[in-house]
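Remarks on the structure that follows.
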Amino acid sequence: MAQVKIYGSVQSRAARALWCARECGIEFEHLGTDSKALKADPEFARINPNGKVPAMVDGDVTLFESMAINLYLAHKYGKSLWPTTIGDEARTYQWSFWGMTEVEKPLLTIVIDTFMTPADKKNPKAVEDAKTALQSPLSVLNQALKGKSYLLGDTFTIADLNLAAIMAWAKLVKLDMTGNSDVANWLDRCLSRPAFRGK
Ligand SMILES: N[C@@H](CCC(=O)N[C@@H](CS)C(=O)NCC(=O)O)C(=O)O
């Protein structure tokens, strides 16, 4: 039996951890794809008392939070995914936290309104506000990617994986990337990796 267990369906943020585990090339068990059953499972409540996915178990290490799970997996198993200098390690944390704090919420607002909100409950103003809120972080990211294939240079690392896993929602909602072509090209590069597509 695989030692690493990842909980959560592919439609959830568990997709981030599944992508990372595939990039690491490790054997892992994918559990908890039925979110109702998972929530009712007292064993899962011990793994993630927040009742959310993803969660991960690796021997005696139990984790929740998608970014933390991925940082752990990449550090332990990721070989070239993990940066080689302390500066790049710090930049990896920077981009992972930045994605969660500056980008995820407005993107999620658009995803929810586009795919999960009935027509009579849609909120175009909230979507417009979210798009406006994304303009500044997108242009920051575009600037950071100038002259580089990936966030830390020429190599795809966990910094790219974590941020692209969040930014994948931008692709899903066909967010306008006019003026941010470096972001669009970087995102395409990251999301065209076989491990993202489940291979
Ligand atoms: N910040 C957390 C968010 C986890 C989260 O909200 N997961 C959603 C699925 S994408 C969930 O489990 N929702 C169930 C619920 O809120 O009851 C992470 O990145 O792991």
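If you take the beta carbon distance between ALA133 and LEU191 as r and set R0 to 35 Å, what does 1/(1 + (r/R0)^6) give as a FRET efficiency, to the nearest 0.05?
Numbers: r = 22 Å, r/R0 = 0.64.
Working from the Cβ atoms, E equals 0.95.
Report, by chain and number, residues whose modeled amide H sits under 5 Å from the one on VAL4, excluding near sequence neighbours (fewer than 5 apart, same chain).
Hits under the 5 Å cutoff: GLU29.
Across all directions of projection, what mean area in square nanometres is found for the Cα convex hull of the chain?
The orientation-averaged projected area of the Cα hull of the chain comes to 12.0 nm².
Based on the Cβ-Cβ distance from THR155 to GLU27, what FRET efficiency comes out when R0 is 35 Å, to the nearest 0.05?
0.90
What's the ranking of 104-111, 68-75 by average number of surrounding C-beta atoms within 10 Å, highest first?
Packing order, densest peptide first, comes out as 68-75, 104-111.
Most fluctuating residue of ALA119, ALA14, ALA170 in a GNM of the chain with Cα springs under 10 Å: which is it?
Comparing ALA119, ALA14, ALA170 in a Gaussian network model of the chain, the most mobile one is ALA119.
Could you tell me the center-to-center distance, by alpha carbons, between the range 90-121 and the range 36-52 in angstrom?
One Cα centre to the other: 24 Å.
Express in nm, to one decimal, how much length is gained between LYS199 and ILE112 on full extension, taking 0.36 nm for each residue of separation and deducting their alpha carbon distance. Present the calculation step by step, with values, prior to reporting the outcome.
Numbers: separation 87, 0.36 × 87 = 31.32 nm, distance 2.71 nm.
Gain in length upon complete extension: 28.6 nm.
What length, rounded to one decimal in nm, is gained on full extension from ALA119 through to THR85, with 0.36 nm per residue of separation minus their alpha-carbon distance?
Residue separation times 0.36 nm, minus the Cα-Cα distance, leaves 7.3 nm.
Round to the nearest 0.05 the FRET efficiency obtained for GLU43 and HIS75 when R0 = 22 Å and r is the Cβ-Cβ distance.
0.25
Short version: what are the Cα gyration tensor semi-axes of the range 84-166, square root of 5 times each eigenvalue, largest first, in whole Å?
Values: eigenvalues 182, 30, 20 Å².
Calculated on Cα positions only, the semi-axes equal 30, 12, 10 Å.
Which of the trypsin sites (Lys or Arg not before Pro) across the range 114-193 are loop residues per DSSP, with 15 or fewer other Cβ within 10 Å?
The qualifying sites are LYS122, LYS146, LYS148, LYS174.
Throughout, read-outs are computed from the coordinates displayed, never taken from laboratory work. The structure displayed is predicted, hence computed values, not measured ones. We place every Cβ from the backbone using ideal geometry, glycine too, and count neighbours over all the protein chains shown.
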